[in-house]
């Protein structure tokens, strides 16, 4: 095989792979979890929670805040926050790893 055929074949396979990844990622949906349902057995798994900020501490390298919903309260840590601004009583949805 010459180089142009290999290049076309590689591009076609890459394009097909990207299309498959795109459609597969559309089927991945993570539903909201109530804070009371987050448990120690969820360690190293991803969850999505929503609630209201009831207090927070901010430094240059992280933000730590308590998020509360109708079922409970959980502490959330955001590393390397950049220009992320947060205020008490903000409503947030958080996706992350326990």
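The values are calculated or read from the model by the stated rules, or taken from the named source; none is laboratory data. Quick caveat, the model's predicted, so the values are computed rather than measured. With ideal geometry, Cβ positions are generated from the backbone for all residues, glycine too; neighbour counts draw on all protein chains shown.
Taken over the range 53-82, the criterion of being more than 18 Å from the chain's Cα centre (by Cα) and not in a strand (DSSP E or B) is satisfied by 59, 60, 61, 70, 71.
Can you find a residue that is modelled with pLDDT of 90 or more, in contact with a helix residue (DSSP H, G or I) (Cβ under 8 Å, 6 or more places away or on another chain) and either closer than 16 Å to residue 95 by Cβ or surrounded by 12 or more Cβ atoms within 10 Å (Cβ to Cβ) (or both) anywhere in the range 55-64? No, every residue in the range 55-64 fails to be modelled with pLDDT of 90 or more, in contact with a helix residue (DSSP H, G or I) (Cβ under 8 Å, 6 or more places away or on another chain) and either closer than 16 Å to residue 95 by Cβ or surrounded by 12 or more Cβ atoms within 10 Å (Cβ to Cβ) (or both).
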